[in-house]
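Here the structure is laid out as structure tokens; the discussion comes afterwards.
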Amino acid sequence: MEDEAPVIYGLEFPARALCAQAAEADQIRFLVGTQSLRQENQVHHIDFDDENNVINKNVFTHREGEIWHMSASTLDKSHLATCYNKTSESRAEMKAAIWKLPSDFDDISTEDQSSMQPLQLVCRLEANDLGDIKSVMWHPTGDGCTIVGLADSHIVLWDIDTNGSSAKMSSSAGLEAKGQPRMTCCSWDPHHNCVQIATANDTCIRGWDIRNMQQTYVIDNAHGQLVRDLDFNPNKQYYLLSCGDDCKVKFWDVRNVTEPLKVLSDHSHWVWSVRYNRFHDQLILSSSSDSRVVLNNIVSLSSEPYGNLVERDDEDNDDTEGSNPQEDGVIATYEEHEDSVYTVDWSTADPWVFASLSYDGRLVINRVPRAEKYKILL
Amino acid sequence: MSAAGGIDEDPEQRRKRHGMLKMYYGLDKDEAGGASLDPCDIDGAHFNKDMYLSKLIQEKSLTELMDKESDMLKQIRSLDSDMQTLVYENYNKFISATDTIRKMKNDFRKMEDEMDHLATNMSRITEFSGSVSQTLDDRRQQITKLAGVHSLLKKLQFLFELPARLKKCIELKAYSQAVRYYTKAQRILLQYQHMPSFQGINTDCVHIMEQLAATLKQQFHDKQSSPRQLAECVDLLLQLREPAEQLCEEFLKHLRFSARHKLDCDLEELQYQISWTKGEASPQSPERPAQAYTSTPMDVLEFIDSGCNGFLSNMCLVIASYNDMFLNKQDNEALENIAMKKLVHFVNSLMEQYFQAVKMRIQLERETGDNTILVRALDRFHRRLQAMNKLLPDTDFSRAGTDIVSSAARDRVDHYLESLKQHFADCLTDVRQNLASPRPAGKQEAALNLGELLSGVQLNTVDQVKSVLINLQVFIAPDITFAMKPYFRGAFCTTGVREGLVVAFVRHLTTVCHDFCEGGGERGAAPPALLLILSRLCSDFENSTISYLITLTEEQFDMDSRNEMTSISDLCNEVKVTAQKLLNHYVKVQGLAISQMLRKSVETRDWLNTIEPRNVRAVMKRVVEDITAIDSQVGQLYEEGVRKERSSDSSRRAHSYSASQQRRGQWAFTPSIDNSLISNIQKLFSEKIEIFSAVEFSKVSVLTGIVKISLKTFMECVRLRIFGRYGLQQIQVDTNYLQIHLWGFVSDENLVQCLLDEIVCSTVHRCLDPVLMEPSVIELICDRG
């Protein structure tokens, strides 16, 4: 049962932004945004052919500026939102906009690779004078037409109309604290009718109710230093994952904010990104500027029944190792990157495939080891 | 008789003469034969005169022959005279012997006559005595008869008087005498029961005796009566053939009641003592007159003493009397067994309660500092129990006693462990206070501080452990009986002192240290210097202190069996891991502190619109200062460590400059080419740098760790910003400054170089207008700064 080798795809420019094409449930698709100050930036639309282990790509230009953050629409698979940096001689501003992919893989087969199509602008997400837009999120299930963004110390909500051609800022809420707090990241709780989001600023994690834009909980000093990423457990209510500059990944139950449920310290530098697997939430991916990606198996805090299932004993009589109850621990450490890995994301189509992107523009598509896969499936 | 004649003679001569006599009678034939077979020996038995003569004639000259002849003549003459004297002497003796024999013959004849006379006289005396006894025989028989009648009458009189006597005895309360009288008469009365008069007496007696029995029983049931009285009662009742089993039962019941009463008193007293010791009870307690005189609470020795003297001696008395009464009769085995069982049951239940009380009391002793009194008390207790054991062989109180003793010992060990922990915590608090207190102005004094603190903690801890060990040694002093029991000693020394105290303390130390690493770090609980001290402490423990302490313990407590114990190396390993962890944590904390500073400095500046660099930024100077301070801090506790490929100090500065110049030259030539390519190629050839990795126990390694963390942070922060031309140049100046000042701290200067290059490279990348500064200008600025 040898695992297939990871597939590596190189971009010419440094890159930070990566996301799975969320509305695409059949094909393994990722979107990568480059980050280059002086050259024209691109969005690479990556298609991974699992059977042949081959990558197909579509490259679109993103003329507005370097992409810091990107998220794919959950409504329409051709839509995506980017947060980009618009620079002039003495100013650098962070803006956000919704774009449409001009073509998909199905209809570009005849297209010439050399001429890159630009992304079609759908609408800009204006935040008035609230500040630089750090990140945007689409509604997690794709049922609502709301987009949440972080602008410095504010949370901004936009409503987009059904044909998706315009977006209107519907409400915003600010964080009142001294020293100009800046929100670094956010995550949208997919439970409870999607009315809660969590944001992080400095070392705190805050929960918000977006109906009335009120703060619901605060985890002070969640990490020793800056919190870099958050992710809600997609299958288990109240469970939140966070990571930060103290090299740790922490599990929280937002009903009890005093103590983390579990702390992982597998990295030797800042942890930049952390993701629950959407299908099997015991699989946790984390990426760090020590240029490693770590895949953890945390069964004890997952939505899967913990410990032995009765019928499992009967099935696994011949395989004694497999019948052992699974324990928490690192499944694999991926060392294909040479530079800091700033983002990592699971495919929305295949539960066993994920992509990681390092600053030097290397995109690596990897799979969960087969042994582990069968352990979970059987 | 020959001796009589030759007394005055020379013994030499005498032997010679005897020899000749013997020879004459042929007595010494074999002896002579053995002496000389030489035919030429004139004194020999095999003397051959012809041979002798011819030999003489052949060998000797004439004069010699003449001389020999005269000599021989002389010898012959003397031999002749000798012979004559001998014959004369023997003759005389023979004559006197004949005379003696004759005289003896005459005497014997006279004696024989007298013997005959005596025999006749004796036979006459026999005759006379026979006739006398014949005449007196009748009278004697009569007298014997009369005497018999008299005694019978006396007995009868006793019997007739018996009821009255018994009554009188009972009136006088001389119960034992009454019983003695009755038992004497009982048999006869029973035998002659068929005679009406005897029957009357018998019924009277039985009646009286029943009364007596009733009285006795009443006394028996009386709660006030003492054990001695009770014993007497039981004895009497037994003689009166009361059922023994029931008696044991009742006896024991009574005893139990009284003992429980006593025990209750003891317990009550104990409770009082306990509350007294806790300081809750007031000294005035009128309802307890017994306590009125105790102005201070009893110490444990007194308590045990009173227990021994009161309860245990009562117990012994009970057992002894019970043994006398029920057990040593040797007539009924089954009964004896039952009685024994009852006794054992009884004693066991009471002892249990007593043990309970003692346990409670001893537990009160947990907190006191003085062992000797406790040990003496325990010893006394143990001895008393052993004595008990001898009295009642079926039970094993000494085992239970030893259990109590060992649990007391364990308590002590636990207590000491607690106090050691407390002490260690105090030490740490002291250190923290010392660290937190404002230092005196002079830097030298501050520098001395850490080493002193470390040795202070170390000495303190070791001393404390030692003193505890000495305190605990009281438990195995040679004059303490229970200390000699292998059952106690083994467990106490190994699981108690070695494992429970020393090993547990070391483990505690490691957990405390671990806690510092785990929880405290993030919220800034433990000052970094403390981490450093603890780390050094742990590594010292690993190197020497642990083996010293364990060996000391083993010596002092005389342990031999080393199996099933934590080995020194295991313990050392644990401590080593802790030391490593602490040091790593120290590196992390310090690294993060500097990182934080760098991060803030990069984040808060507007790099796009900055002016042309004129100075090294203050924060860089601050970083270098801090790292220098850390260097001196670590240097106090850890030795230097190994560096990679050192070039001589004089050439170092120039060398590093040229290296950096070279690289910067590269950038200068190729500013337009995508820099990531260069950095990627560089990375291909350099090894991956572990940022937060384990460090070695050396100054250089620690510093390298801290520098690595700081520079990596610097790079990550730079990548998040956008720089203008001057922003980039400022970073160039800053990194150059760091390069100049940081190489001395790390093990591999290439590492610093590499990280700094990457920072500049990243900055170039994030720069809108990447125009690099001239290296000479950078140097100038750095030199000025």
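The values are calculated or read from the model by the stated rules, or taken from the named source; none is laboratory data. If you're wondering where the values come from, they're calculated on a predicted model, not measured in any experiment. Cβ placement follows ideal geometry from the backbone for every residue including glycine, while neighbour counts extend to all protein chains displayed.
A few points about this structure:
- In this structure, B:E758 qualifies as buried (at least 22 other Cβ atoms within 10 Å of the Cβ), under 25 Å from A:S358 (Cβ atoms) and not hydroxyl-bearing (S, T, Y).
- When A:V7 is tested against (1) crowded, with 23+ Cβ neighbours inside 10 Å; (2) more than 14 Å from every other protein chain (Cβ to nearest Cβ), only condition (1) is not met.
- Test: residue in the stretch B:728-745 that is within 14 Å of chain A (Cβ to nearest Cβ) and either part of a loop (DSSP other than H, G, I, E, B) or crowded, with 24+ Cβ neighbours inside 10 Å (or both): yes
- Checked across the stretch B:55-75, the condition of being surrounded by fewer than 10 Cβ atoms within 10 Å (Cβ to Cβ), at pLDDT 75 or above and of a type in the set (K, R) holds for no residue.
- Test: residue in the stretch B:171-191 that is surrounded by 11 or more Cβ atoms within 10 Å (Cβ to Cβ), within 27 Å of B:D235 (Cα to Cα) and at pLDDT 80 or above: no
- The criterion of being within 14 Å of chain B (Cβ to nearest Cβ), at negative phi and either crowded, with 16+ Cβ neighbours inside 10 Å or not small (G, A, S) (or both) holds for A:Q225.
- Within the stretch B:713-727, the residues that satisfy the criterion of being in contact with a helix residue (DSSP H, G or I) (Cβ under 7 Å, 6 or more places away or on another chain) and part of a helix (DSSP H, G or I) are B:T713, B:F714, B:M715, B:C717, B:V718, B:R719.
- A:T216 vs. criteria of a type outside the set (A, V, I, L, M), surrounded by fewer than 19 Cβ atoms within 10 Å (Cβ to Cβ) and free of Cβ contacts under 8 Å to residues at least 12 places away in the same chain: no
- Of all residues in the stretch B:595-616, those that are assigned to a helix (DSSP H, G or I) and surrounded by fewer than 20 Cβ atoms within 10 Å (Cβ to Cβ) total 5.
- The single condition among (1) within 28 Å of B:D235 (Cα to Cα); (2) assigned to a helix (DSSP H, G or I) that B:M111 does not meet is (1).
- Criterion violated by A:L37 - all others in (1) buried (at least 20 other Cβ atoms within 10 Å of the Cβ); (2) within 24 Å of A:W352 (Cα to Cα); (3) among the aliphatic types (A, V, I, L, M); (4) within 14 Å of another protein chain (Cβ to nearest Cβ) satisfied: (2)
- Among the candidates A:Q237, A:Q215, the residue that is touching a His at 6+ places or on another chain (Cβ under 7 Å), among the polar types (S, T, N, Q) and more than 13 Å from chain B (Cβ to nearest Cβ) is uniquely A:Q237.
- The one condition in (1) within 20 Å of B:S407 (Cβ to Cβ); (2) at pLDDT 75 or above that B:E452 fails to fulfil: (1)
- Residue match in the stretch B:748-763 (condition: within 9 Å of chain A (Cβ to nearest Cβ), out of contact with any Leu (no Cβ under 7 Å at 6 or more places or on another chain) and at pLDDT 85 or above): yes
- Number of residues in the stretch A:1-38 that are under 14 Å from the mean Cα position of the chain (by Cα) and over 17 Å from A:K77 (Cα atoms): the value is 2.
- B:L159 surrounded by 18 or more Cβ atoms within 10 Å (Cβ to Cβ) and modelled with pLDDT under 80: yes
- Cβ-Cβ under 8 Å pairs, at least 6 apart or on other chains, the stretch B:599-613 side facing chain A (nearest Cβ under 9 Å), far side assigned to a loop (DSSP other than H, G, I, E, B) and of a type in the set (G, A, S): B:L608/A:S90; B:L608/B:G724; B:N609/A:S90; B:N609/B:G724
- Residues satisfying the stated conditions in the stretch A:346-373, i.e. more than 21 Å from A:N52 (Cα to Cα) and either aliphatic (A, V, I, L, M) or more than 14 Å from chain B (Cβ to nearest Cβ) (or both): A:L357, A:E372
- Of the strands (runs of 3 or more DSSP E) that lie entirely inside the stretch A:333-378, those containing 2 or more residues that are touching a residue at least 24 places away in the same chain (Cβ under 8 Å) and farther than 16 Å from A:L31 by Cβ span A:362-367.
- Screening A:Y359, A:Y342 for residues that are touching an Asp or Glu at 6+ places or on another chain (Cβ under 6 Å), at pLDDT 85 or above and crowded, with 20+ Cβ neighbours inside 10 Å leaves exactly one candidate, A:Y359.
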